[in-house]
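Accompanying notes for the structure given below.
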Amino acid sequence: MQTLAHACSSQLTINCLGFLKQLLKLGQVVSVLMNSPCEQIRSDLDQSLDQDQEAQSSTQLSLERCPLPLILKKLLLCGDETLQMASAQCMADILVHSPSQYCASFIQADVPEFLFERLNSGSEVLLWSVYSCLLLLTEDPLFFSQCHSVYGIESLVRSLKEALRLTNVEVQRQGLLLLTEILERTQRLPPTGRRES
């Protein structure tokens with residue numbers, strides 16, 4: 001994680017992400033990575049994200065324990081679609097092990113907001129990766145109580161209109177599945193869980 005957080009070249013970052021993806025196949029490794037305190041990495045990333053984002057005020061408890069969501073968020077914010085795609089895929093690889101255990105760390109880091117912003121891409125692989133990651137994040141009620149679904153629905157609908165022009169049916173299916181999940185879960189929320197218009 002330290003090498004990934006401080007990689008100075010895109011090639012080193014890609015190699016680190018490839019290695020990380022292999023490690024994320026193992027549930028025990030995911031648990032260790034998501035529960036490792038790495039004070040120096042978190043401090044460096046907080047400073048870096050502060051420069052990139054004005055709204056990085058306080059870091060929640062789950063983020064204090066694990067900088068991995070912040071590392072992946074930083075990669076999601078970079079301008080390189082390959083790194084954005086790899087970041088989204090790594091997030092999904094983590095979440096698939098236990099959404100109930102790991103979703104909150106990513107939601108509290110405002111990752112859904114930036115995933116929704118990546119939906120303006122024309123890359124089928126990036127769209128599929130982002131749809132998959134968001135679909136896993138919807139399994140946590142925090143996704144809806146933080147109003148991420150309200151924030152992202154317009155981006156999602158716009159990206160689906162573009163995705164329906166693509167030839168890859170799997171991308172279309174994944175996007176429609178995400179839209180269905182968000183609409184159904186939002187419908188089931190108690191009135192206090194919905195943001196007033």
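The values are calculated or read from the model by the stated rules, or taken from the named source; none is laboratory data. Quantities reported herein were computed from a predicted structural model and do not represent experimental measurements. Neighbour counts are summed over all protein chains in view; Cβ atoms, including those assigned to glycine, are modelled from backbone coordinates with ideal geometry. The protein model used for the area step is the full one, side chains on, heavy atoms only, and it has no ligands, DNA or RNA in it. Shrake-Rupley method; radii C 1.70, N 1.55, O 1.52, S 1.80 Å.
For region 79-177, please list each of the helices (runs of 4 or more DSSP H) lying entirely inside it that holds at least 3 residues being closer than 28 Å to SER31 by Cβ and open to solvent by 20 Å² or more (accessible area, probe 1.4 Å).
Output list reads 81-95, 99-108, 124-137.
Do you know which of the residues in region 52-78 that are at pLDDT 90 or above and charged (D, E, K, R) is surrounded by the fewest Cβ atoms within 10 Å (Cβ to Cβ)?
Step by step, filter region 52-78, then rank; the result is LYS74.
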